[in-house]
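Structure, as structure tokens:
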Amino acid sequence: MLNARLRGAWLANVATATAAVAVGAGPLRAQVAHRVEVRRAPVLASDLEVVTVTDRSVILTWTTRERERSGRLRPIPADTEVRIAPADSIGPARTLFHDTDPTPYHYAEIHGLEPGRAYRFEAYSSGRRAVPARTLVTRRPGTPESTGVFTTLTPPPGRLLRTLALANDLHVGERTSGLLMAGLPTGLRHHDAEHPELMLDALLSDLRLPDRGADHLIVAGDLTDTGTLGQSLEVRRRLDEWGALGRDYFVCRGNHDAPQPDDHWGAVFHSRQRLTEHELGGLRLFGLDTTRLRGSGGTIVGPQLAHLRDRLAVDPHRPTLIFGHHPVTSSAAVSNPGGPGFVLDRASAAGLHAAYRGAPGVFLHHSGHTHRNRLGRPDSGIDVEFLEVAAAKEYPGGYMLLRLYEGGYMVNFYKTRTAAARRWSTRTRRQYFGLHPDHALGTCADRNHVVPRDFSGLAPA
């Protein structure tokens, strides 16, 4: 159920978008083709997003469209060009990326940058400079998209030890995307394939490529849409083609995976409200089952929480990553559209905070469920990062890479980049009356940041 403030924001956004269409039409220009004069609208390059900023690379995405005679915008293929220069340099930026293969869904990845340095950038298609969409997340003052400047990260000191991919909300079996309740708002369906399977395949193919190089994958719940046996077997088959459960990839249950009433998901993966534990070269992983039998909110039953406390107490200083489907913190509870009842209940959240307070080795808690990228604040003075990761199955459509160095870790969000995935992510940008980017993308700092920690005792992958 949507609250009044969100409904008001939707209406304001619709009015702004309507005004933007009227302003953005632009003049027509003449072209000659086969000696016949054809009047054609210029290419409009919009939706610019500085998605990923690492220590040595940046990834930008945008979309090109043209206006039909009816006034509607439709995707139009164009080239992809990015010009970059150090922010403190004099003279024009020079082209560091130019792909002449036309596409409406632009994805530019530039490597060879210097760590900890500010760069100014410009993105073009058909000679038209790309601009951010009329969304607050990229238009607010100070964003890379509004300033035309990004700053590469300074990586933690020491060797890179291993890389973990954090993902969630696959929803295999879902047929319509963007529904909050039955039939509302009008959802989207893929024309050629089932979108969750398409997006999962794009994710898995990404992770094994050398420029991503994920050693492990952690999926924090909602692997299926309704937890049926067919859906559970299908997602297990795809994940097993990528690696081995408990060695290469790790999973926990989400509310969409709950028994209905039979626990098919549990039969394929593991039983309900069970704590899972794994060890990776000295790094400890705990998977929580935070699901209820009914409802979308989360809880942790007493025996599971006691089990976690006991296991943490065995070696409280060991570097430990914990993952569960439902966000934990009070800030997550009040900032998501579903309200406090949509996340982990306050008693379970307090129990986790108390457990983490006695185990300083816990450094990150990964969750999903809200379909957004968000770096949360703990409810008490503990040195734990609470990280929500956007859904893999829809815009922005991707995963986080957690790179562990001897002296800390670096977090970066990546969109999946197959042509089909980029097309679907662009379509689902307009979910929830066009407000989805403001909810789901997160700030550049939510998506890209570095945290110092001592991981010198971990073994490399």
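The DSSP beta bridges internal to region 283-395 are antiparallel in roughly 25% of cases.
Charging the Cβ of each Asp and Glu at -1 and of each Lys and Arg at +1, and nothing else, the dipole of the chain about its Cα centre rounds to 1420 debye. Once volume of the Cα convex hull per residue in Å³ is calculated for the structure shown, the corresponding label among (1) 153; (2) 133; (3) 191 turns out to be (1). Of all beta bridges that DSSP places with both ends in the chain, some 75 percent have antiparallel geometry. Diffusion coefficient (Stokes-Einstein, Kirkwood radius over C-alpha pairs, 37 °C, 0.692 mPa s) for region 68-176: 190 µm²/s, rounded to a whole number. So for region 103-204, averaging the separation of alpha carbon pairs under 8 Å that are six or more residues apart and normalising by length, what relative contact order in percent results? Result for region 103-204 is 20 percent. From the alpha carbon centroid of region 106-155 to that of region 239-314 is 38 Å.
Counting protein heavy atoms only, the chain has 55 percent of its accessible area on carbon and sulfur, 1.4 angstrom probe. Under the convention that each Lys and Arg Cβ holds +1 and each Asp and Glu Cβ holds -1, the size of the dipole of region 326-461 around its Cα centre is about 760 debye. With unit charges on the beta carbon (Lys/Arg positive, Asp/Glu negative), name the residue among His190, Tyr107, Leu239 whose Cα is farthest towards the positive pole of the charge dipole of region 94-246. Positive-most Cα among the choices belongs to Tyr107.
Computed from Cα positions, the angle between helix 229-242 and the longest principal axis of the chain comes to roughly 80 degrees. Against the chain, whose longest principal axis is taken from its Cα atoms, helix 346-357 shows a tilt of about 80°. Calculated accessible area for the chain comes out at 42 Å² per residue, all protein chains present (probe 1.4 Å; ligands, DNA, RNA ignored). May I ask you to list the GluC sites (Glu not before Pro) in region 50-139 that are in a DSSP loop and have at most 14 other Cβ atoms within 10 Å of their Cβ? Counting only loop positions with at most 14 other Cβ atoms within 10 Å, the GluC sites (Glu not before Pro) in region 50-139 are Glu68. Oblate is the label for region 215-339, because the ratio a/c of its alpha-carbon gyration tensor axes (a ≥ b ≥ c) is 1.5 or higher and a/b is not greater than b/c. May I ask you to derive the relative contact order of region 183-300, considering only C-alpha pairs under 8 Å and at least 6 residues apart, and to give it as an integer percent? Relative contact order comes out at 21 percent. Each Lys and Arg contributes +1 and each Asp and Glu -1, all at the Cβ; summed about the Cα centre of region 149-243, the dipole is approximately 320 debye.
Once C-alpha pairs closer than 8 Å and six or more residues apart are averaged by separation and normalised to the residue number of the chain, the relative contact order reads 16 percent. When shorter helices are ignored and each DSSP H run of at least 4 residues is given -39500 (n - 2.57), the per-residue value for the chain at 222 nm works out to -7000 deg cm²/dmol. Among the trypsin sites (Lys or Arg not before Pro) within region 257-299, those in coil by DSSP and having at most 14 neighbouring Cβ atoms inside 10 Å are Arg294.
The values are calculated or read from the model by the stated rules, or taken from the named source; none is laboratory data. Source: prediction; values computed, not measured. Every residue, glycine among them, receives a Cβ derived from its backbone with ideal geometry; neighbour counts consider all protein chains shown. For accessibility, only protein heavy atoms count, side chains too; no ligands or nucleic acids. Shrake-Rupley method; radii C 1.70, N 1.55, O 1.52, S 1.80 Å.
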